[in-house]
Amino acid sequence: MKKVILFFIICFSFLNHLNAQSQAPAFNLYKGTVDGKTPITVYIKTEENPCTADLMYTSMYRYDKSKKWIQLDITQNKKKENEFVLVEHGFSGVLILKKTGNTFTGLWISSDAKKQLPVDLKEASMTKKELENFEKTLEKVNYENNDC
């Protein structure tokens, strides 16, 4: 009986450990251009949705000449997991991107669909301090856009 109880305790511990690992968020920074000439920075936080176990994304981007961050609502294609739609808060534009390795390529489309510009992004490294700053900024942008 003691062996059975010990076995269940070990299994439970192992499953909790695996569950804790799967819930660890990922933080990615991408730098690139819109239309091949306008530099942009995109920050994406990926974490497991606690209700569905699907991935959920919290994101923002900015044109490097601007100090204003634009919050993005990201949807991942369930059939082709390397395809994403990123909608700007306030629906001022949409990014339709395909991920290959550590790069994204695709289009930025204006809300009236009259402008369609190519987007190229490559993952960039960040220091711990930069990560902390991006997280604070993301929290601030989310608060400004969604606080009652």
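Report the relative contact order of region 77-148, percent, no decimals, based on alpha-carbon pairs under 8 angstrom and at least 6 residues apart. Walk me through the numbers on the way to the answer.
Details: 85 pairs, mean separation 13.0, N = 72.
Worked out over region 77-148, it gives 18 percent.
Here the label points at S125 and K31, each 7 Å from Cα along the C-beta direction, are separated by 1.2 nm in the simple model.
The equivalent ellipsoid of region 66-148 has semi-axes of 22, 19, 13 Å, largest first, where each one is the square root of 5 times an eigenvalue of the Cα gyration tensor. Distance between the C-alpha centres of region 20-89 and region 105-136: 7 Å, rounded to the whole angstrom.
Over 20 Å apart at the Cα level, from the set K37/K67; K98/K140; K79/K99; K45/K68; K37/K136, are K98/K140; K37/K136. About the centre of its Cα atoms, region 56-120 shows a dipole size close to 60 debye [charges on the beta carbon of Lys, Arg (+1) and Asp, Glu (-1) only; nearest 20 debye]. Between amide H atoms placed 1.01 Å from N, distances below 5 Å from I40 occur with G32, T33, V34, D64, all of them 5 or more places distant or on a separate chain.
Figure the gain on full extension for N49 and N146 (residue separation times 0.36 nm, minus the Cα-Cα span) and round it to one decimal in nm. Walk me through the intermediate numbers first.
On the way: separation 97, 0.36 × 97 = 34.92 nm, distance 1.88 nm.
Result for the pair: 33.0 nm of gain on full extension.
Laboratory data are not the source of any read-out in this text; all were calculated from the coordinates shown. Just so we're clear, the structure is a prediction, and the values are computed from it rather than from any experiment. No Cβ is skipped: glycine too gets one built from the backbone with ideal geometry, and neighbour counts run over all protein chains shown.
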